[in-house]
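Notes follow the structure.
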Amino acid sequence: MPPTTNPNIQVPAARALLADNPDTLVVDVRTPAEFETAHIDGAINLPLDQVDAHLNRIVADAGGRILLICQSGNRANQACAKLTGAGLDSATVLDGGMNAWISAGAPVNRGRQRWSLERQVRLVAGAIVLVSVLASIWYPPARYVAGLIGAGLTVAALTNTCAMGMLLARLPYNQGAGCDVDASLTRISRAGAAK
């Protein structure tokens, strides 16, 4: 059976959902460092790569509605597609992610400020292109590195994935205080058991 698409919801609808149904699981699929910077109270941090690794357990244990959140909505949409494809039909994505939530003035728990993963990708990709173009003045084949980055960004846009982002997510900077995956999965499991 092909996965169904679940609607993204805007911040006001998400706030109403959380107020009307406090049992809604808020699952934040950003890196631990991004989560540490700002997150919705009561949210469960389960980075996107861990959603992949524990997909069957999440689908089996989660009961009721899940609201998926990331920085801008892209990673949450990926997680939603995977969960829906595995049989979980109650997942919804916060449209615009934490960027929209914060812009709307919705409450957040704040911690140590760090750069979002999307911002890090823009910095690294831009720096590589800039350096390779400058280096091509003295060593012309260096321009191919800029072309390679451009091709990688094109593939990332077409496939809605980002290899550079997944690599950067593994850096110690992005681990922050760390994510206790077992504790996050247990919280999802307890919520499912309580339903």
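If residue 74 meets every condition in (1) within 14 Å of the chain's Cα centre (by Cα); (2) modelled with pLDDT under 90; (3) over 21 Å from residue 108 (Cα atoms) apart from one, which number is that one?
Checking residue 74 against (1) within 14 Å of the chain's Cα centre (by Cα); (2) modelled with pLDDT under 90; (3) over 21 Å from residue 108 (Cα atoms), the one that fails is (3).
Does region 52-61 include one or more residues that are open to solvent by 20 Å² or more (accessible area, probe 1.4 Å) and at pLDDT 90 or above? Full working, then the answer.
Let us first name the residues in region 52-61 that are open to solvent by 20 Å² or more (accessible area, probe 1.4 Å), namely 52-57, 59-61.
Then keep just the ones that are at pLDDT 90 or above; that gives none.
There is no residue in region 52-61 that is open to solvent by 20 Å² or more (accessible area, probe 1.4 Å) and at pLDDT 90 or above.
Residues that are at pLDDT below 90, in contact with a helix residue (DSSP H, G or I) (Cβ under 7 Å, 6 or more places away or on another chain) and surrounded by 13 or more Cβ atoms within 10 Å (Cβ to Cβ): which helices (runs of 4 or more DSSP H) entirely in region 94-195 hold 1 or more of them? First the steps, then the outcome.
Working: elements: 97-103, 117-135, 143-159, 163-169, 181-193.
The helices (runs of 4 or more DSSP H) meeting that bar are 117-135, 143-159, 163-169, 181-193.
Picking from 64, 73, which residue would you name as being open to solvent by 10 Å² or more (accessible area, probe 1.4 Å) and either closer than 21 Å to residue 103 by Cα or small (Gly, Ala, Ser) (or both)? Talk me through it step by step, then tell me what you get.
On the way: 73 fails: open to solvent by 10 Å² or more (accessible area, probe 1.4 Å).
Being open to solvent by 10 Å² or more (accessible area, probe 1.4 Å) and either closer than 21 Å to residue 103 by Cα or small (Gly, Ala, Ser) (or both) holds for just one of 64, 73, which is 64.
The values are calculated or read from the model by the stated rules, or taken from the named source; none is laboratory data. All figures in this text were calculated on a predicted structure; none of them were measured in a lab. Here Cβ is always computed from backbone atoms with ideal geometry, including for glycine, and neighbour counts include all displayed protein chains. Side chains are part of the model used for accessible areas, which takes the heavy atoms of the whole protein and leaves out ligands, DNA and RNA. Shrake-Rupley method; radii C 1.70, N 1.55, O 1.52, S 1.80 Å.
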